[in-house]
Structures are given as structure tokens and as C-alpha cells.
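Read the figures in this text as sums done on the coordinates, not as results from a lab. This is a predicted model, so every value here is computed, not measured. Please note: Cβ atoms are built from the backbone with ideal geometry, for glycine as well, and neighbour counts cover all protein chains shown.
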Amino acid sequence: MSPRKLLLTCFLLTTAVLANAQNPLAGLTILKAEGGGTGNTGLATGTLRGDPIGIANWTYTVLGGGGQTTNGQGGNCNFQSGNIAITAADGSTLQMQFGGDSCNTGVGPTSSAVNNVVYIITSGTGRFSNTQGTGNVALAAYNPNANTAAVYIHFDGNINLH
């Protein structure tokens with residue numbers, strides 16, 4: 001084989017190998033969603049819309065917490081962890097675990113409250129099978145002690161769809 005053909009063959013093989021190498025960012029995209037519902041800062045459900053989820057139902061459940069302290073105005077703050085379940089209109093699901101904090105925003109423990117937590121995607125089904133990702137969730141409850149208070153949720157993170 002001539003040196004020129006050998007060089008061309010090596011170049012083509014190297015190009016083929018590099019083209020087939022897995023890009024660690026392939027499939028990684030932004031996860032953003034906004035939603036509303038009812039509940040409180042410990043258990044809430046509702047509907048959201050966002051990318052790449054579309055329209056979906058969600059459930060936010062606190063499983064544990066501790067480290068209670070004051071918010072400086074007579075309200076409470078504490079650490080918490082739990083689960084978030086999302087079911088898209090096509091039946092695909094995302095399961096997440098979270099950890100973060102919850103604080104009343106005003107005077108006293110009955111004032112509105114916000115949860116600021118970080119999630120990790122732990123599993124999924126359908127078009128979300130084998131997904132991974134992480135990000136932030138903000139949840140606001142306008143009456144944290146009522147089971148039917150207005151609740152709003154905001155997701156800002158990433159999701160790897162491969």
C-alpha cells in the first residue's frame with residue numbers, strides 16, 4: 001500500500017471512530033416548567049406545562065425534615081427532603097428526589113411559605129426512560145397550613161434524554 005493510501009485509510013478510520021464516540025452532552029437539554037395547583041408546602045398537586053415535558057400533572061411530597069429555625073419575623077424555616085412525580089399527557093413519567101429548605105415569608109407560622117429545593121431525576125418511563133438530570137424547584141403556598149391553598153411551582157434545570 002502506498003504511503004498516500006495508508007494516510008488516507010488512517011484518516012478515514014480516525015474520522016469514523018471519532019464520529020461514533022459518544023458526546024457527553026448529546027441528549028442534554030434544558031428542563032423548564034411552570035405550574036399551579038392546590039395543597040401546602042408538605043403535599044401539593046397540580047398541572048404544569050414546560051419543555052420538554054409538555055402538559056403534565058405533578059405531585060410534590062415532603063417525606064422528612066428538621067433543623068427548624070426562625071425566619072427572623074416569627075415565622076419558621078426548616079430543611080426538608082421528598083419526592084416529585086410528574087406524569088405527562090402521553091403517560092410518560094418522571095420521578096425526582098429533592099432536598100432543600102422551606103420558610104415562611106412573613107410574620108408568624110401561618111404566613112405564606114416558599115420551598116427552595118434541588119432535585120435529581122431518579123427514574124422515568126415512556127419517553128423519559130433512562131433519563132437523568134438535576135435542577136432547582138421553587139414552590140410557593142399561599143396558606144402553608146391549609147390543604148387546599150393555592151400553590152405554584154417552577155422548575156429550572158436540565159434533563160438528559162439519552
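Here are a few things to note about the model shown:
- Euclidean distance of C-alpha centroids, region 106-139 and region 68-92, integer Å: 7
- Kirkwood Rh (inverse of mean 1/r, distinct Cα pairs), region 105-162, angstrom: 13.2
- Of 43, 63, 94, the residue with the greatest mean-square motion in the GNM of the chain, using alpha carbon springs below 10 Å, is 63.
- Helical content alone sets the calculated 222 nm signal of the chain at -4000 deg cm²/dmol, taking -39,500 (n - 2.57) per DSSP H segment of four or more residues and averaging over every residue.
- For region 24-160, the fraction of alpha-carbon pairs lying more than 25 Å apart is 25 percent, rounded to a whole number.
- Dipole magnitude (debye, nearest 20) for region 24-160, charges at Cβ of Lys, Arg, Asp, Glu: 80
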